[in-house]
Each structure stands twice: as structure tokens, then as C-alpha cells.
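*Asks:* Please find one structure pasted underneath; my questions will follow.
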Amino acid sequence: MTTPVRILANLSDGEWLSSVGSIEVHNPADTREVVAAVPSMSAEEVGAVFEAAQRGFATWRDTSPVDRGRILLRAAALLRERQDELSLTLTREMGKTLAEARGEVGKAADFFEYYGGLGRDEQGQILAHESPDVHSWTSHEPLGVVLAITPWNDPLLTPARKIAPALIAGNSVVLKPASYTPAIAIELARVLHDAALPAGVLNTVTGIGSEIGDALLAHPALRAVSFTGSNEVGAGLAASLAGRNVRLLAELGGKNASVVLADADIEYTVATIAAAAFAQAGQRCTATSRVLAHRSVLDRVRDGLVAAARGHILGSGVEPGTTMGPVVSPAQRDSIHGFIDRALTAGATRATPAVDVSGESTKYGCFVAPTVLTDVASDSEIWTEEVFGPVVALVAFDTLDEALEILNSSQYGLAAAVYTNDLGAAHAFATRADVGQVAVNLPTSGWDVHMPFGGSKASGSGHKEQGSEGLDFYRKTKTVALRALSRYRVRQ
Ligand code: NAP
């Protein structure tokens, strides 16, 4: 399906701003097709966007939380109304299937609904005080201008996860989306603009991150950076912000494991792990990429995962029969193939058949066949490094202690799952797994908007996103103690 190239502009100060340079966005299912072009902003233009955000903050911090919430709820309704067109935009620039894209639009709406509703919730606490005529309380206040930097794998959901709590707390936001997927981020800005968000409260910046990175951090009004992406860029941001009073939330890489105990329901377990490993072609920070199976069930787990991989139909995400779309770019495809090739050279066995992607419907796209690898050494690259593609590596273990040791030996600590009907084993796993998210008989991926989300160790800065805990990053607490000295003061 070829449609005209969409020329998009950035939202700044309530206006749609074009720019001299431009970035072409390609369809990963057929890279010959340019689906959109967005501005490639200069450092000066980025500075002007921050000026707009500073003005927007002055208006928004004085808007009541109830009114802020109304706008967020309107945005949620618009996202649902526009679900079909937004899903198509998302699929055409990122590659995931339309069904996956529809799920993402729905979840983005959930974020605006959840945080919009919190506009009517408590805004602080009443505190006890020794003196009966002293009233004491805490109140939450916004930080100021927040920069959100987001990756391409969930290019609508990740901005929503950051923008909704930042806005309900009263901050203004500058959103810098990934250059592979800027169109859907601009559509999100359009939704908020149409929901009557005041000028300057949400602004977008498109441009190559490594080129405009310094300009993004330069403005003195910047108070917080909420970043999701690679460890490398996250470390660079932390170094650049060191010594400045700017908060940094970083959601980084993962190497998530699913552990299958001997008593697990294998049919259910394999279907659930396969979905966690292969959905979105494995491009989810919470995707399962390591499987540890008890030696007694190893063969059944391997055969089940191989069958699930073989059942996938690769193709363009817009085709109704497709169950796995392409990965986002030729670079990502080549990177994943490089991981597989090096694993095979290091002695791993490919349990899945090679898939021919040279047919008419796939030969111009960035396709990677779902792959299961066995005979994997626990110190090998495929076991320790994030692949971010539809690849799982499988190893055997004999005891739960051994499984936990292997699980926790990873530098990452995002999500882990255990499959068992043994409550004691499940409880021990939940207690001892050194990760931010633990699932029992559930996938490593897929955490609802009200559930705090985020990893430990190299997977992030330790701040949780989502839920009421996710709000805390975007606000500061003021503590007030007040003695009323007028003649009307309360006496005991
Ligand atoms: P990335 O290369 O780090 O890019 C992420 C964002 O940072 C993009 O918007 C990128 O812009 C921007 N950026 C790049 N260099 C920058 C710089 N010097 N200064 C400021 N911004 C800069 O990551 P990615 O490849 O898009 O995403 C995949 C990674 O994200 C994986 O490691 C994955 O695990 C991680 N991830 C983590 C979570 C989580 O919740 N833990 C969720 C999703 C993804 P350009 O696109 O213009 O380069």
C-alpha cells in the first residue's frame, strides 16, 4: 500500500513549526517507501522551543489539577476516536502489526485516562502537629520544564507514559521522539493540541539525537529529563547532567528471563513465553530473551517455542494475515542477525528452521525470523547482551537456587517470570529475583498503567514510571506548618 509522504511540523508555543532541514521516515516493511518527513531542527530552534515551554509552564502551573485532568481525559477520548488512523501511522513507520498498534493506542489512552483522573485525587497530606492551633500539610508542586526523550519501539505509548504524569503534575513538556518514529509522536501532540492544551505546555523537537543532544540539555529552565532508550545514551545524559540540579529518570535495557519449573503447565507456559518473546518482533524492553527450563521439561519447552516460532507469518504489519512485522530498520535487522551469527559461531544451535525472506512481500523489508537458540553458554554474548529482536536463548537448570543464580547474574534487572503451581517456589522467586518486575505464570511484558514499572541494576535509574509512584518523579513536595494568629483561631 503506497500512500503520499506526510510532511509534518513540530508543535511549539501552540503553533506548527516547519524547519529547513528534514528527516525522511521509511516504511520498515518496504524501505523504498518514504512515509513521512519531519523537521531536522537546529540548536537555535531547539532553544526557542524551550522558551515556549517556559512560557507554557507559567500558565499551566496555575491551572487547577481538575482542569488539567479534564484536558487529559479529552485527549484520551480523542486517542480512542482516532485509533484506526493512529494505528496505521504507527505501523507504517515502526513496523509492528496493526493489531499490536491498536493495542498501543489503547494503552496510550489508558495513561491519559488514569492520570487525568488523578487530577481529582489528593494533592497532598494533612500532617499531625503537637500544637492544636498549628495546621500542617504537604502539597505537591510541579518541577518546571520536563524533557522527554523516547525510543522507537513503543513510539506512542512511551511518550504517553511520560507526558500524562508530567502534565497532570503541572509541568510543561518538550518531547524528543526517536528519529525512526517521529510521526506518531507528532500525532500525539496534535491530539493534545486538539484537546485544548494551552500553548507551550507540550512542544515537540525532531532532529538527530546525537546532533541536538547538547542543545536539548542546554536551557537553564530544564528541570527534569525522562529518558527511555539505550544504556549508552542514558549514561551520556547522566554525565552531561552531573552537577546540575536536573532530575534524570532513565529506563534502559533488559535481558529478561522466563524460568520454567518442572511442575509448570507446559502448553500454557510455552504459549505465554512465545508471546512475550516474539510479539513486536521482540522489540520490547520487557521481551523474554532468556528461557531457563528445568532439565526434565527442557525438550518440551524447546519444541513448543520452535512450533510457536514456525507458526508466525512474516509480512507487512498492515496485511491482515501478518503475525510478525519487520524490525524497525535495516541497522536493527543487521544487528540482530549479527547476534545470531556470532552465537552460532560460539557453539549455539539454531533450533528453528532458516526462513527465506527473499519473496516479493518481504524482500525490501527489515525482516528477522523468530529464532530459538540452544546449547548456549551462560557467559556468551547471546546470553548476556540485549538483542532487542525475536530471539530466545534456552538453557537447562536443576534447582530453583541454580535458576535464580543464573537469572541474577545478569547486569540487567528489568523483568522476570516464573512458571509453576508451587506457591512456595513462586514466593521464593518473587522475593529473590533481583528485578523491578516479577511475573508468576504471566509474561515478562505487559504491565498495566497503574502498576509501577521500571527495572533495577543496569536497567534504569531506579525511579518507577506508571501508577501513583510514577507521578513522584514529576513533582516536588512542599511541607507547610501554619499557626493562625487571628482571633478566630481554633482553641482546645
Ligand atoms: P537510543 O538510541 O538510546 O535512542 C533513544 C532516544 O534517545 C531517541 O530519541 C534518540 O534520538 C535519542 N538520543 C540518541 N542520542 C542522543 C543524545 N546524545 N542526546 C539526547 N538524545 C539522544 O535507543 P533506541 O535504539 O531508540 O531504543 C532501544 C533501547 O531502548 C533498547 O536498549 C531498549 O531496551 C530500551 N528501552 C527500554 C525501555 C524500558 O522501559 N526500560 C523501554 C523501551 C526501550 P534519535 O532517534 O534521533 O537517535
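*Asks:* Percent of accessible area on the chain owned by carbon and sulfur, 1.4 Å probe?
*Replies:* Numbers: 10470 of 20040 Å².
Result for the chain: 52 percent of the exposed heavy-atom area is carbon or sulfur.
*Asks:* How much length is gained on full extension from E267 to E402, taking 0.36 nm per residue of separation minus their Cα-Cα distance? Could you put the intermediate results ahead of the total?
*Replies:* Details: separation 135, 0.36 × 135 = 48.60 nm, distance 2.37 nm.
Gain on stretching E267 to E402: 46.2 nm.
*Asks:* Take the alpha-carbon positions of segment 295-379, form their convex hull, and give its projected area averaged over all directions (one quarter of the hull surface) in nm². Mind showing how you got there, number by number?
*Replies:* On the way: hull surface 25.7 nm².
For the Cα atoms of segment 295-379, the hull's average projected area reads 6.4 nm².
*Asks:* Could you calculate, for the chain, the ratio of the Cα radius of gyration to the Kirkwood radius, expressed as Rg to Rh?
*Replies:* Details: Rg = 23.9 Å, Rh = 23.7 Å.
Rounded to two decimals, Rg over Rh is 1.01.
*Asks:* Right, here's the next one. Taking the full set of protein chains and a 1.4 angstrom probe, give the accessible area of S409 in square angstrom, rounded to the nearest 10.
*Replies:* For S409, solvent-accessible area is about 80 Å².
*Asks:* Report the Rg/Rh value for segment 256-440, based on alpha-carbon coordinates and the Kirkwood definition of Rh. Don't jump to the answer; show the numbers that get you there.
*Replies:* On the way: Rg = 16.0 Å, Rh = 16.6 Å.
Over the Cα atoms of segment 256-440, Rg/Rh equals 0.97.
*Asks:* Taking the alpha-carbon distance from K96 and a cut-off under 12 Å, which aspartates and glutamates remain once sequence neighbours fewer than 8 residues away in the same chain are dropped?
*Replies:* E104, D154, E319
*Asks:* Tell me the volume per residue, in Å³, of the convex hull enclosing the alpha carbons of segment 91-230.
*Replies:* Working: hull volume 20.5 nm³, N = 140.
Convex hull of Cα atoms, per residue: 146 Å³.
*Asks:* Restricting to the chain, compute how many DSSP beta bridges are antiparallel as a %, nearest 5.
*Replies:* On the way: 29 of 71 bridges.
Percent antiparallel among DSSP bridges in the chain is about 40.
*Asks:* Let me ask something additional. For a quick size check, give me the Cα extents of segment 192-271 along its three principal axes, largest first, whole Å.
*Replies:* The Cα atoms of segment 192-271 stretch 57, 37, 24 Å along their principal axes.
*Asks:* With the radius of gyration and the Kirkwood radius both derived from the Cα set of segment 127-208, what is their ratio Rg to Rh? Write out the running numbers ahead of the final one.
*Replies:* Values: Rg = 17.4 Å, Rh = 14.3 Å.
Radius of gyration relative to Kirkwood radius: 1.22.
*Asks:* Cross-link candidates for K476: which lysines have Cα within less than 19 Å, leaving aside residues fewer than 8 places away along the same chain?
*Replies:* Straight-line reach from K476, under 19 Å: K162, K464.
*Asks:* Which trypsin sites (Lys or Arg not before Pro) does segment 340-373 hold that lie in a coil by DSSP with at most 15 other beta carbons within 10 Å? Don't skip to the answer; put the middle values down first.
*Replies:* Working: sites: R342, R350, K363; in loops: K363.
Here the sparse-neighbourhood loop sites are K363.
*Asks:* Here is a follow-up. Give me the distance between the Cα centres of segment 281-318 and segment 166-228, rounded to whole Å.
*Replies:* Cα centroid to Cα centroid, the span is 35 Å.
*Asks:* Which whole-angstrom value gives the distance between the alpha carbon centres of segment 8-23 and segment 360-439?
*Replies:* Taking the Cα centre of segment 360-439 as reference, the centre of segment 8-23 is 42 Å away.
*Asks:* Considering only segment 256-440, what is the antiparallel percent among its DSSP beta bridges, to the nearest 5? If you can, show how the numbers build up before the last one.
*Replies:* On the way: 2 of 24 bridges.
Roughly 10 percent of the beta bridges in segment 256-440 run antiparallel, per DSSP.
*Asks:* Run the 1.4 Å probe and let me know the accessible area of H450, rounded to the nearest 10 Å².
*Replies:* So the heavy atoms of H450 present about 90 Å² to solvent.
*Asks:* OK, next. Using 5 Å bins from zero, what percent of all Cα-Cα pairs in segment 1-105 falls into each bin?
*Replies:* 2, 11, 14, 15, 17, 17, 15, 7, 2, 0
*Asks:* Can you give me the accessible area per residue for the chain, using a 1.4 Å probe, in Å²? Show your work: numbers first, answer last.
*Replies:* Details: 20040 Å² over 492 residues.
Per-residue accessible area for the chain comes out at 41 Å².
The values are calculated or read from the model by the stated rules, or taken from the named source; none is laboratory data. Model, not experiment: these values are computed from the prediction. Methodologically, a virtual Cβ is constructed for each residue, glycine included, from the backbone with ideal geometry; neighbour enumeration extends over all protein chains shown. Keep in mind that these areas ignore ligands, DNA and RNA; they rest on the heavy atoms of the full protein, side chains included. Shrake-Rupley method; radii C 1.70, N 1.55, O 1.52, S 1.80 Å.
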